[in-house]
Amino acid sequence: MLKKSFIALLSITMVIILAGCQNAAGQSNTEQLKLAHNQTLDHPVHLSLVEFGRLVEEKSDGAITVKIYPNGQLGSEREVIELTQTGAVDVAKVSASALEGFASDYSVFSLPYVFEDYETFQKVMNNEKVTNELYYQTEDIGFIGLTYYNAGERNLYTKDREVHDVSDMRGLKVRVQPSQTSVQMIEYLGGIPTAMAYGEVYTALQSGVIDAAENNETALVGNNHGEVAKYYMYTGHQIVPDMVIMNAKRFNQFSDEQQAIIEEAAKESTLYHEEVWAESIKRQTEIAKNEMGVNFIEVDKTPFINAVQPLHEQYARNEETRDIYHLIQEAIQSE
Ligand code: GCU
């Protein structure tokens with residue numbers, strides 16, 4: 001008798017579970033989000049996005065899953081942003097620099113030395129006035145921001161030239177992200193900027209199309225740039241956040257509860273990212289130094305900071321950027 005009721009109970013439970021996974025037409029109710037990014041499988045960004053997927057699945061009891069397309073498989077950051085606009089991709093992790101071409105507010109995040117240090121950067125990125133302004137303003141062009149990831153300080157690295165001062169930049173062909181702000185930054189520093197997608201940098205360095213690039217330390221090891229670039233100068237000229245964005249229509253199709261799950265999972269993955277980031281930078285710096293023979297060089301940032309001051313004045317005045325520029329300054333000053 002007991003056994004019979006147990007079996008009956010089990011069958012009812014199964015029916016309930018199955019009903020949860022299937023709609024009236026008998027199709028699966030599981031929603032899969034297609035997520036694209038341009039980093040390798042051992043990069044902290046990938047690990048954090050895997051965590052994002054795990055959290056979304058756990059919090060939604062399996063109703064929403066995330067499938068990740070890493071390594072730029074679906075295209076350059078620019079292409080992936082366009083795919084996110086159309087909905088061919090649901091979620092993407094791209095640099096704020098790449099978003100500059102889509103929404104001018106993002107350009108201020110590529111402004112050199114806009115954040116004095118990492119603490120200042122974090123203060124701004126966790127300020128709701130800033131993020132509310134930033135995350136939802138692109139809804140009418142097809143996507144919203146879900147969260148940001150720390151992408152470290154960007155430093156200059158060259159094939160064969162030590163750079164200690166702005167004067168050493170003269171004539172240096174430097175790859176920058178496809179961002180007008182970054183192009184102007186190198187011009188003010190006296191170098192010759194070339195904007196190109198991340199995936200092309202290794203070959204461009206190797207073939208001599210460029211003499212230098214700039215990024216956080218993971219580029220040296222994870223993307224093998226340390227095989228060709230042997231001088232890494234701590235210029236710390238930019239702290240550009242990585243942004244996790246989502247197709248707005250797809251997001252709005254979810255229930256309020258599911259939207260909250262996606263946003264929560266994204267924010268929690270940012271905390272997870274903080275944990276894996278520091279460790280990864282430490283490890284990759286050691287590998288670059290000891291196994292790839294990259295020289296790490298401290299530089300006095302003052303002349304670099306001074307050289308780009310006109311850019312700050314320009315962004316503080318310019319109609320398109322002044323609001324966000326001042327909002328960031330306010331966030332920096334806030335208690
Ligand atoms: C960082 C950033 C990437 C970006 C890259 C670049 O690594 O995390 O999203 O593509 O810089 O320099 O293009």
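Just a few scattered comments:
- In the set V94, V163, V114, V174, only one residue is within 15 Å of the ligand (Cβ to nearest atom), more than 14 Å from the chain's Cα centre (by Cα) and not in a helix (DSSP H, G or I); that residue is V174.
- If you go through the range 268-285 and keep only what is surrounded by 16 or more Cβ atoms within 10 Å (Cβ to Cβ) and aliphatic (A, V, I, L, M), you end up with V276, I281.
- Criterion: free of Cβ contacts under 8 Å to residues at least 12 places away in the same chain and not hydroxyl-bearing (S, T, Y) - qualifying residue of E51, E57: E57
- Contact map, the range 111-139: residues that are crowded, with 16+ Cβ neighbours inside 10 Å paired with residues that are among the hydroxyl-bearing types (S, T, Y) and modelled with pLDDT of 95 or more, Cβ distance under 6 Å, separation 6+ or inter-chain. Pairs shown: L111/T181; L111/Y315; M125/Y148.
- Candidates Y157, Y234: the one that is of a type in the set (F, W, Y), more than 11 Å from the ligand (Cβ to nearest atom), crowded, with 21+ Cβ neighbours inside 10 Å and farther than 23 Å from S48 by Cβ is Y157.
- Test: residue in the range 200-218 that is more than 16 Å from the ligand (Cβ to nearest atom), surrounded by fewer than 21 Cβ atoms within 10 Å (Cβ to Cβ), hydrophobic (A, V, I, L, M, F, W, C) and more than 19 Å from the chain's Cα centre (by Cα): no
- Cross-chain or 6+ apart pairs with Cβ under 7 Å, the range 72-94 first and in contact (Cβ under 8 Å) with a residue 12 or more places away in the chain and closer than 21 Å to H273 by Cα, then among the polar types (S, T, N, Q) and not in a strand (DSSP E or B): G72/N38; E77/N38; A92/T84
- Within the range 81-101, being farther than 24 Å from E153 by Cβ and either crowded, with 24+ Cβ neighbours inside 10 Å or of a type in the set (A, V, I, L, M, F, W, C) (or both) holds for L83, T84, A88, V89, V91.
- Residues (more than 12 Å from the chain's Cα centre (by Cα) and not charged (D, E, K, R)) located in the range 44-56: L47, V50, F52, G53, L55, V56
- In the set (1) more than 23 Å from M185 (Cβ to Cβ); (2) outside any helix (DSSP H, G or I), the condition left unmet by Y232 is number (1).
- In the range 177-199, the residues that are within 16 Å of the ligand (Cβ to nearest atom) and among the small types (G, A, S): S179, S182, G191, A195, A197, G199
- Among the helices (runs of 4 or more DSSP H) confined to the range 251-329, the ones with at least 2 residues that are under 24 Å from the mean Cα position of the chain (by Cα) and β-branched (V, I, T) are located at 256-290.
- Of the listed requirements (1) part of a helix (DSSP H, G or I); (2) within 12 Å of the ligand (Cβ to nearest atom), N223 misses just one: (1).
The values are calculated or read from the model by the stated rules, or taken from the named source; none is laboratory data. Here the structure is a predicted model, which is why all the values come from computation and not from measurement. Here Cβ is always computed from backbone atoms with ideal geometry, including for glycine, and neighbour counts include all displayed protein chains.
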